[in-house]
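Right, one structure below, let's go through it.
Read-outs: derived from the displayed coordinates by stated rules, not from any lab. All values derive from a computational prediction rather than experimental measurement. Please note: Cβ atoms are built from the backbone with ideal geometry, for glycine as well, and neighbour counts cover all protein chains shown.
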4 protein chains.
Amino acid sequence: MVGGGKDAFIGAIHRIAANIDGLIELHCGAFSSNPETSIASGKEFFLPESKCYRSYPEMFATENSIPKEQRMDFVTIVTPNFAHFAPAMMALDYGFHVVIDKPMTLSLDEAKQLQQKVKETGLILCLTHTYSAYPMVKQARKMVADNQFGAIRKVMVEYPQGWLSTLSESEGNKQAIWRTDPSKSGISGCMGDIGTHASQLAEYISGLKITKLCADINIVVQGRKLDDDGNVLLKFDNGANGILVASQIASGEENSLKIKIYGEKGGLEWHQMEPNTLLVKWPDAPTQIYRTGNNYLSDSAMFNTRTPSGHPEGYLEAFANLYKNFALTLIAQSEGKEPTEEMIDFPTVADGVRGMAFIENVIASGKSEQKWFDFKI
Amino acid sequence: MVGGGKDAFIGAIHRIAANIDGLIELHCGAFSSNPETSIASGKEFFLPESKCYRSYPEMFATENSIPKEQRMDFVTIVTPNFAHFAPAMMALDYGFHVVIDKPMTLSLDEAKQLQQKVKETGLILCLTHTYSAYPMVKQARKMVADNQFGAIRKVMVEYPQGWLSTLSESEGNKQAIWRTDPSKSGISGCMGDIGTHASQLAEYISGLKITKLCADINIVVQGRKLDDDGNVLLKFDNGANGILVASQIASGEENSLKIKIYGEKGGLEWHQMEPNTLLVKWPDAPTQIYRTGNNYLSDSAMFNTRTPSGHPEGYLEAFANLYKNFALTLIAQSEGKEPTEEMIDFPTVADGVRGMAFIENVIASGKSEQKWFDFKI
Amino acid sequence: MVGGGKDAFIGAIHRIAANIDGLIELHCGAFSSNPETSIASGKEFFLPESKCYRSYPEMFATENSIPKEQRMDFVTIVTPNFAHFAPAMMALDYGFHVVIDKPMTLSLDEAKQLQQKVKETGLILCLTHTYSAYPMVKQARKMVADNQFGAIRKVMVEYPQGWLSTLSESEGNKQAIWRTDPSKSGISGCMGDIGTHASQLAEYISGLKITKLCADINIVVQGRKLDDDGNVLLKFDNGANGILVASQIASGEENSLKIKIYGEKGGLEWHQMEPNTLLVKWPDAPTQIYRTGNNYLSDSAMFNTRTPSGHPEGYLEAFANLYKNFALTLIAQSEGKEPTEEMIDFPTVADGVRGMAFIENVIASGKSEQKWFDFKI
Amino acid sequence: MVGGGKDAFIGAIHRIAANIDGLIELHCGAFSSNPETSIASGKEFFLPESKCYRSYPEMFATENSIPKEQRMDFVTIVTPNFAHFAPAMMALDYGFHVVIDKPMTLSLDEAKQLQQKVKETGLILCLTHTYSAYPMVKQARKMVADNQFGAIRKVMVEYPQGWLSTLSESEGNKQAIWRTDPSKSGISGCMGDIGTHASQLAEYISGLKITKLCADINIVVQGRKLDDDGNVLLKFDNGANGILVASQIASGEENSLKIKIYGEKGGLEWHQMEPNTLLVKWPDAPTQIYRTGNNYLSDSAMFNTRTPSGHPEGYLEAFANLYKNFALTLIAQSEGKEPTEEMIDFPTVADGVRGMAFIENVIASGKSEQKWFDFKI
């Protein structure tokens, strides 16, 4: 693990998610750019001192030098955005697979270089778009792919949060400080942080690609350096239209990602905060409540579920699905087997490239006087 | 009543809404452009034959000729859009107050003429934007006006319906036939029919005015002549941003008008289909569920409620609030009293003008290559 | 109308409900046991002075003496329980049909006398169990009757309210004063007031009859004279079991009547406070959300609906369904026609007798040491 | 681990729950009464062969014989009910702490013996009543304990499931087979399996103890040997009344445990299937929606939460809270520290004794003609 020291938010989430299925064990780490913090963190995570590295270059070099069976199998990078690219490139160069947080890099250009590196090395990069790993999201995607709703006509995705309603970065909130700092986060705040989740989810479920957008990108809280809010009109490759709203100044909201998709013959609705429910709507029949863990669900939904129906799964299980599928894919490959369709269903470097393209396009559109902006990669 | 013959949808709604409080009685009508249908309808509504007119000009002239105590007090116009302007102008000319469906006219120009006529005659025109008459919408407006949320920063309003997901106008659906016909409905279908409700509600609750918009207006169902779907970026006069979605091709949706508004200090959320609940959100305290009929509500909410808490009110009660307030205003005036603030809280010709301006601006923006379009009246 | 003077709660509800469909007009009234209040109330309701009677005997006698076309068609009795029996018997004796609030009388014995009188006179008595008149309750009953759930096995009905959580009757609350007074309400408070609604609803939807019960009847608030809370175990005539909870000390609850019914093949759930939704549950398929106003509903549900789907109906519309069906039945009879099955679907004197029997049995069981108590009429 | 072989339901849940926080590692196991299955299962769980025991006596003896630092720290017993007592007693005798599924034993008598053994050995027994470990349940308990609702007056707990609506035990359903078999499950099916969860939750949140009950216990599905349904009237030690419903024939229900508690000054409501929401109700103020992970929550709720608000936690996290608190208690003790109040907040052998007493009392009451039955231990 690179980053994710003892007080980091997302590092702890990664460790839990990786633990859940007993397939993955924390092996070593360079948990902080500060060597002492790194070592102290590692000890707290029950690692032997020899596995608490002072820096990630040291970790990669040392691990690479020990016998294969004893070295780490892959690297998880959970640093802020600006510190994704270099360790990811280096990990791949050393021959380690990579799990990395979104947005994948600081720029689309870096993302493309990383994609090229993945291609050259034949290694696997898993990007942690957690929301696409919920069972009912899998179900939604499958029902769309099976043409149960006919051609998709409209996609409405919204992601309101309220935690940046005040200038928290001036009040000592660590998460706020780096996420609103262009040198750490890149050219976008809100769109990079949560807009990318929304666009990835929209494309993942609908099976469509955004081709045009028209963005209204805002800095609502005075004194902030990056966008904290935006509304985006969308066009998709099959002609469907859409709307994407991402906001971190929606005061009173927690993490209220919701998506609605409408096709010729019906529609669906999913809310991240009640993730075990998928509403499926029909013009001439009652709306149906699909629920996690029931026999009537698709194989892909069931594959990503651990508990019987009525025993709610949550964010950590969705996160764990990413790790589980990634690990099962590695295991299959190491055993010379073809991983199944369900195993390889996790976001990869290609999603990372699209995410970075989304950020660059949406910010450029926001600054443009032109109405429709082609989504360029 | 002008229009609203025996098979008309909205005519029946108007009659029920007017009946509820026992303040208004159906006195006479020209219920159809077909004299025989008009007379047959009137009989069905228990009117004496002398009060079933063959045409609205006949009705206005005859009623005007009888003593004031025996003539009708006001006219309700429930014809399709294209047949609003002429009877409304004539009614005002004869000295009758008017209740009229939205959108008020076929064009902004007609709307302005009607506004001018209202001004000249000193009569009252009530426009039936039903949704703004729900008790919890009154509550929401009051809480915003009382600055409980601080300055408003963001407005999200969506109005998905599914009833035009197919080309119903070619399948004999009467509502669909006139609502998708430019000669009956004007330059817009969906935006005129339900987009105007959404924009009126957004402005009513927020107390803000739309100043700019950027519209994506779509005809989704092949063969349709008017828009059946649209997504609109909004800017308001205080700098707030917003998004308005109206769609009649959201397959599987009923009448799912929802609004969320966020201010500096909190936010609110209201769903038309569960209208007795208003969610009030705070950054550092639990979300509150405000419910119709409780003592903690504002006077304006209570004034528009008939039943104790827990006894749900619905669409017809909201509609009846329009009639009740309009009637109480007329009664107060006839008694030489000043109507209260609660009584005069119904949409008027000014809302009708803004609604027509919304239609013309949003359609023009939809056709424009320019990103931001000034909202012009 | 007997009772229901200007400050009475339920009188106003009755007038609105009767108005809604334009089938019924307030003709005359004896609105109070105080002649002056009666006359003042009548004037407020726009009645001519000649139709504001000083007492109900005067009203019945006078109305009976005028030509049939000019006299009232039926009597609505909206007095407190203790003043139901005498006017109802007298109205029937004078040949007037009767609408009456539940519980029908002060005692089961009175109820049986009334039933006998109805039988003798051939007149119609409509008992206002409002909750059984909601469209989705009609739908639920139909689905059970059509055997969609197989044999019914379990019925869970609960009716918590919070308005008597304190000793409101000592704080001047008029509703509380009479409803907790044995001389006005009879032998039961909570069970009579709302337990009867719950048991009627359970029997109405399930099509079953309670045959045994085991009741825990409580006076929770110190100083109260009648029960304000109770839990009851039930057995039905087909062997199904059930539970009925009624409470007026469920602090923080509004009027939260809910029912769940389970059969061999599925179940259903309905909440009065969101009455346009009926959940239909299946063991091997997604739960379905049946919603008022949709084409897939039964004729009985549609017959009791006024607005299109997505335009919520509420308590007043349910109440109005009672009046509408009652009125349509009278009209059909007066025209020598057979009223339809839908028209005659309103609670009658038979429901009133069962309701009074429920009260007497449940209170007796509450006092008994015996576990199972036969439901006796 | 004793039991929980590769195809067992609850064993997998235990392993995930124990893994989540990285505090506990699967060390060894006797996963089946069949030695070969046990060894095969252990291998599948990545255990070295030396740690896959052929039986639990072998495991206890062997582990006990190796140095303390290398041996297992505690035993988890996840066998069916009938195979709880013997291994638990033996484990305690060997000096191992115990985690055990509910119901704790086959009989109250066994439970008391186990309690005595725990007392004598000074070891710790953790009973996995998962539902009491949800953050919002902790919050509910704290608010009651802090007297925010005044004296508790009424407790309504219901636990409907539908999975035994048919005679699944004759259709090869393994869970159904042992859970409906008296020799494996004891004297009760439904009440033992889920009624104990409901009663434990009711007592845990309310802080009250059941003192009397009156039970209607049913075998609804023909051919079943143990109860699959029941309704129970309750009295608590402070005079409060209550109702408990548990059913496994509620066709179409998943795992719908819900509880409502009312005090003098307000009430609360929690649903297991949406566990991150706690409704808090007040007579004169809007209902509040308390949500997991927010700063306004109690320390006990926050201590049992891993993710920020809006990132839903589920059943596995609740289960993991049991293991985490148990492990933290063991760690504190091993370090000679006093565990905190939050650490020791997990169900123990005392809950197990109460649970077994609940089963014996409720079944006896179900068979009795007597109305109120004293809750005896």
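Ordered by the count of other Cβ atoms within 10 Å of each Cβ, fewest first, C:119, A:117 give C:119, A:117.
Once the mean of 1/r is taken over each pair of separate Cα atoms and inverted, the stretch C:9-130 shows a Kirkwood hydrodynamic radius of 14.7 Å. Inter-copy label distances at residue B:68, using a point 7 Å along Cα-to-Cβ, come to 4.3, 10.2, 10.3 nm with the shortest given first.
With contacts taken as Cα pairs under 8 Å and at least 6 residues apart, chain D reaches a relative contact order of 19 percent.
At a 10 Å Cβ-Cβ cut-off, how would you order A:55, B:38, fewest neighbours first? Don't jump to the answer; show the numbers that get you there.
Numbers: A:55 16, B:38 27.
In increasing order of surrounding Cβ atoms, one gets A:55, B:38.
Using θ = phi - 60° and the Karplus curve 6.51 cos²θ - 1.76 cosθ + 1.60, what whole-Hz ³J(HN,Hα) does each residue of the stretch C:304-320 get, with Gly and Pro shown as x? 3J(HN,Hα) across the stretch C:304-320, in whole Hz: 9, 10, 10, 10, x, 4, x, 10, x, 9, x, 4, 5, 5, 4, 4, 5. All Cα-Cα distances of chain C, cut into 20 Å bins from zero to the largest, leave 28, 59, 12, 0 percent in each bin in turn.
Positive end of the dipole of the stretch C:9-130 (Cβ unit charges, origin at the Cα centre): among C:32, C:127, C:65, the Cα lying farthest that way belongs to C:127.
Bridgeable aspartates and glutamates around residue C:258 (alpha carbons under 15 Å apart, same-chain partners fewer than 8 residues away excluded): C:158, C:203, C:269, C:274, D:158, D:269.
Summing Lys, Arg as +1 and Asp, Glu as -1, what charge do residues with Cβ under 9 Å from the Cβ of residue B:263 carry, residue B:263 excluded?
Computed value for this residue: +2.
When you filter the GluC sites (Glu not before Pro) in the stretch C:159-224 for DSSP loop state and at most 14 other Cβ atoms inside 10 Å of their Cβ, you are left with C:171. The base-10 log of I(q)/I(0) for the protein assembly as shown, evaluated at q = 0.05, 0.07 Å⁻¹, reads -0.43, -0.84 [Debye formula, identical scatterers on Cα atoms, solvent excluded].
This model, with +1 at the C-beta of Lys and Arg and -1 at the C-beta of Asp and Glu, gives chain C a dipole about its Cα centre of some 500 debye. Of all residues in chain C, the one whose Cβ lies closest to the rotation axis carrying C onto D, together with that distance in whole Å, is C:371, 2. Net charge of the neighbourhood of residue A:92, taken over other residues with C-beta under 9 Å away and scored Lys/Arg +1, Asp/Glu -1, is -1.
Looking at the stretch C:99-174, the pairs of alpha carbons with a distance over 15 Å make up 76% of the total.
Here are some pairs, A:154/A:209; B:43/C:51; C:102/C:337; A:51/A:324; D:209/D:235; which of them have Cα atoms lying more than 20 Å apart in this structure? Checking Cα-Cα distances, B:43/C:51; C:102/C:337; A:51/A:324 exceed 20 Å.
Inter-copy label distances at residue B:151, shortest first and taken from points set 7 Å along Cα to Cβ: 4.5, 5.3, 7.0 nm. In a reduced charge model with +1 at each Lys and Arg Cβ and -1 at each Asp and Glu Cβ, the protein assembly as shown shows a dipole moment near 0 debye about its Cα centre.
With the helix formula -39500 (n - 2.57) applied to DSSP H stretches of n ≥ 4, chain C reaches a computed 222 nm mean residue ellipticity of -10500 deg cm²/dmol. Placing a label point 7 Å from Cα along the Cα-to-Cβ axis, residue D:177 is separated from the same position in the other copies by 6.0, 6.6, 7.0 nm, shortest listed first.
Report the charge-dipole magnitude of the stretch B:9-130 in Debye, nearest 20, computed about the Cα centre from +1 at each Lys and Arg Cβ and -1 at each Asp and Glu Cβ.
My answer is approximately 120 debye.
Extension gain for the segment residue D:211 to residue D:225, taken as residue separation times 0.36 nm less the Cα-Cα distance, is 2.2 nm to one decimal.
Tally Lys/Arg at +1 and Asp/Glu at -1 over every other residue whose Cβ is under 12 Å from the Cβ of residue B:65; what's the total?
0
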